[in-house]
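The values are calculated or read from the model by the stated rules, or taken from the named source; none is laboratory data. Predicted model only: the values in this text are computed from it and were never measured. No Cβ is skipped: glycine too gets one built from the backbone with ideal geometry, and neighbour counts run over all protein chains shown.
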C-alpha cells in the first residue's frame, strides 16, 4: 500500500491565540484540496491527521494533563481535554465528508496505551480495517491512559509515529502556517531564509531556529514535533517528510500531486 500521511497543523486550522476558534473557510479549502488530490491519485492512500490548536492545548495547559493525572480534578481535565479535541475533530471530518471523502475519525485515546508520556502500545487494527474498506482514517492529538502517571496527552506526531510501525508510509506531509523550516524564526526575523532540504543529522544545527509554538502548545512546539518525526527516519529510512504552508490556496494540492517539487522543506535521513 502506497501510504501518504498528512497532518494539518493546529495553528493552520484554528486561531491558536483565541481559545476554541476554528478557521472554517481554511478547513473547508484544505479538505477540498485533499479530495482533489485523492481523485487524481487513486493509487495513493491518504491517512489524515490534525493538531489540536486552540482547543485541546488550552484545556490541557489549564489542568497540566500532559504531566500526569492523579486526582478527581485532574481526571476532570482529562475528560474535558478529550471532549474539546473531539469537537475540533468533528469539524475536520465534517468538512472532509462535505468535500466528498469517506473520512472516519479514530480517537487515539481508544487506540493507544502510554507509559511516562510515551506510547508503549497501539492498536492499529481498526485503522487497517478502515483502509481495507476504502475509508480515509483521521487521527488527532488526544489524551491517553498512562500506566506510570495515570493519564497524559499525546501529540499527533507521536500517534503517526506509532501508526507507522504498523502501516509504514512513504511520505509524511505536515502543513502549517509557515512554508517550511527556516534558519531563524520567520515570524520574528524578516531576514530568515527557508531551508529547502534538510537531512536528519543536521537537525541539531537548527535547534536555535526551531523554537516553540506561536500560541499555546502543551506537546513541545515546533522543536518537539520535528524531534518526534525525525525519530521516524531512524526506523523508516526510506520515508520522506515535508514541511510546508497550507495558508497559500492550492499549495497543499500542488504538493500532493507532485511531492518531489521544491515546496517548503524536505527532510530525509
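I'd like the full set of residues that are touching a residue at least 12 places away in the same chain (Cβ under 8 Å) and under 30 Å from residue 100 (Cβ atoms), limited to region 115-128. Outline the logic, then answer.
From region 115-128, those touching a residue at least 12 places away in the same chain (Cβ under 8 Å) are 115-120, 122-124, 126-128; that's our starting set.
The answer is 122, 123, 124, 126, 127, 128.
Inside region 88-114, residues that are exposed (fewer than 15 other Cβ atoms within 10 Å of the Cβ) and touching a residue at least 60 places away in the same chain (Cβ under 8 Å) make up a count of 2.
When residue 131 is tested against the conditions (1) closer than 27 Å to residue 36 by Cα; (2) in contact (Cβ under 8 Å) with a residue 40 or more places away in the chain; (3) in contact with a helix residue (DSSP H, G or I) (Cβ under 9 Å, 6 or more places away or on another chain), the lone failure is (3). Within region 107-118, is even one residue assigned to a loop (DSSP other than H, G, I, E, B), touching a strand residue (DSSP E or B) at 6+ places or on another chain (Cβ under 9 Å) and over 26 Å from residue 20 (Cα atoms)? Among the residues of region 107-118, at least one is assigned to a loop (DSSP other than H, G, I, E, B), touching a strand residue (DSSP E or B) at 6+ places or on another chain (Cβ under 9 Å) and over 26 Å from residue 20 (Cα atoms), which makes the answer yes.
Scanning region 248-269 for residues that are at pLDDT below 95 and surrounded by 20 or more Cβ atoms within 10 Å (Cβ to Cβ) returns 263, 264, 265, 266, 267.
For region 40-71, residues that are part of a helix (DSSP H, G or I), surrounded by fewer than 21 Cβ atoms within 10 Å (Cβ to Cβ) and touching a strand residue (DSSP E or B) at 6+ places or on another chain (Cβ under 9 Å) total 1.
Could you tell me whether residue 105 is under 18 Å from the mean Cα position of the chain (by Cα) and within 15 Å of residue 146 (Cα to Cα)? Break it down stepwise before answering.
Working: under 18 Å from the mean Cα position of the chain (by Cα): yes; within 15 Å of residue 146 (Cα to Cα): no.
Answer is no for this residue.
Is there a residue in region 1-20 that is surrounded by fewer than 23 Cβ atoms within 10 Å (Cβ to Cβ) and assigned to a helix (DSSP H, G or I)? No, that holds for no residue. Could you check, for region 72-81, whether at least one of its residues is in a helix (DSSP H, G or I) and at pLDDT below 95? There is no residue in region 72-81 that is in a helix (DSSP H, G or I) and at pLDDT below 95. Answer yes if at least one residue in region 141-156 is touching a helix residue (DSSP H, G or I) at 6+ places or on another chain (Cβ under 6 Å) and without any contact (Cβ under 8 Å) to a residue 40 or more places away in the chain, and no otherwise. For region 141-156, residues touching a helix residue (DSSP H, G or I) at 6+ places or on another chain (Cβ under 6 Å) and without any contact (Cβ under 8 Å) to a residue 40 or more places away in the chain: present.
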